[in-house]
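The values are calculated or read from the model by the stated rules, or taken from the named source; none is laboratory data. These numbers were taken from a predicted model, which means no experiment stands behind them. When we count neighbours, we look across all protein chains shown, and the Cβ atoms used for this are built from the backbone with ideal geometry, even at glycine. Note: areas computed on protein heavy atoms with side chains; ligands, DNA, RNA excluded. Shrake-Rupley method; radii C 1.70, N 1.55, O 1.52, S 1.80 Å.
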Amino acid sequence: MLDIVIENIGQLPEVARKLLEGFPEERFFAFFGKMGVGKTTLIKELCAALGVEDNVCSPTFAIVNEYSAGDKEPVYHFDFYRLKNLSEAYDLGYEEYFYSGCYCFTEWTEKVEELLPEQYVRVEIEEKEGVRRLRAEIVKN
């Protein structure tokens, strides 16, 4: 389990490194937290740490963005905020992404929680008085 206090945005590259190094065998990271807590910003840093040079942005309207990590496997970034029901995730073909073995980062994961893989990293971010606390642990369903 990781428990990290984030006092400023300048710490995010180190937080991303710790998150990836803390769970070296994991590829699925499910993010939980209120709007504006910094999920997308941290995912941008995770992608940078993985070598993604594409413009990383929230896939709110597209639901999923695929990024290239150089000559490595693709990285998938989901934002389920606008998802109306689970059938939209099925229509998207979520299984191909979730079980690809590639890095998957999901935002607004609570909307698809019942579809998550048997094992994943649950990342919770909370904010209180300008300080964020990140807690990450492996979940086995």
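What to note about this one:
- Residue in the range 99-122 that is over 24 Å from Arg135 (Cα atoms) and in a strand (DSSP E or B) present: no
- Criterion: in a helix (DSSP H, G or I), open to solvent by 60 Å² or more (accessible area, probe 1.4 Å) and under 21 Å from Trp108 (Cα atoms) - qualifying residue of Lys34, Lys44: Lys44
- Some residue of the range 101-118 being aromatic (Phe, Trp, Tyr) and open to solvent by 30 Å² or more (accessible area, probe 1.4 Å): yes
- Answer residue from the range 50-70, given it is in contact (Cβ under 8 Å) with a residue 24 or more places away in the chain and among the β-branched types (Val, Ile, Thr) and is nearest to Tyr97 (Cα to Cα) among those: Val64
- Within the range 74-100, the residues that satisfy the criterion of being open to solvent by 30 Å² or more (accessible area, probe 1.4 Å) and either of a type in the set (Ser, Thr, Tyr) or modelled with pLDDT under 90 (or both) are Tyr81, Ser87, Tyr90, Tyr97, Tyr99, Ser100.
- Unique match (being within 20 Å of Glu126 (Cα to Cα), among the charged types (D, E, K, R), surrounded by fewer than 14 Cβ atoms within 10 Å (Cβ to Cβ) and free of Cβ contacts under 8 Å to residues at least 40 places away in the same chain) among Glu21, Glu14: Glu14
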